[in-house]
Amino acid sequence: MNVLGTDWRIYVGKLKWTTLLLAMMVISAVAQQADSDARNVTSSDREHTQWVDQVMRSISTIKPGMARKDLFRVLVEEGGLSTRSQRRYVYKHCPYIKVDVEFSPSDDQQNESPNDKIVTISRPYLEYTISD
């Protein structure tokens, strides 16, 4: 004897298919919205991207072998602890864009010299300002 009957099985089967169809519609709508958001790049977004590109190109002009004084075209010293052989610099127009630089002394003096040679320069990175 079948208590639930054939109608109950048909109802459950339709419910499964309806739930699956509804889930697929929701997933499709979310995917379309994400795609639409990705295409809605504003002119402000493009300007920001161009500015970041310009900053990266500007910082990339500083190379190992150049003198400490060459950094000051695009960077300024950041506060905080440093030594003659290493110092952190920030981009002139944004104190959150930073690089770490290692130097080789150009003479036997203890103080930094504008002629100290750059040994390494890190990739630019973002960090909040440090002050003394």
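The values are calculated or read from the model by the stated rules, or taken from the named source; none is laboratory data. Here the structure is a predicted model, which means the values were calculated and not measured. We place every Cβ from the backbone using ideal geometry, glycine too, and count neighbours over all the protein chains shown.
Scanning region 27-46 for residues that are at pLDDT 80 or above and exposed (fewer than 10 other Cβ atoms within 10 Å of the Cβ) yields a total of 3. Within region 89-123, being crowded, with 18+ Cβ neighbours inside 10 Å and either in contact with a helix residue (DSSP H, G or I) (Cβ under 9 Å, 6 or more places away or on another chain) or over 23 Å from Asp53 (Cβ atoms) (or both) holds for Tyr89, Tyr91, Ile97, Val99, Val101, Phe103, Asp116, Ile118, Ile121.
The set of residues in region 40-61 being part of a helix (DSSP H, G or I), free of Cβ contacts under 8 Å to residues at least 40 places away in the same chain and either under 27 Å from Ile121 (Cβ atoms) or acidic (Asp, Glu) (or both) consists of Asp45, Glu47, His48, Thr49, Gln50, Trp51, Val52, Asp53, Gln54, Arg57, Ser58. Does Asp100 satisfy being acidic (Asp, Glu) and either assigned to a loop (DSSP other than H, G, I, E, B) or modelled with pLDDT under 95 (or both)? No; evaluated as a whole, the condition is false for this residue.
Restricting attention to region 73-88, the residues being loosely packed, with under 11 Cβ neighbours inside 10 Å and either hydroxyl-bearing (Ser, Thr, Tyr) or at positive phi (or both) number 1. May I ask you to list the residues in region 62-86 that are among the acidic types (Asp, Glu) and outside any helix (DSSP H, G or I)? Glu77, Glu78, listed by residue number.
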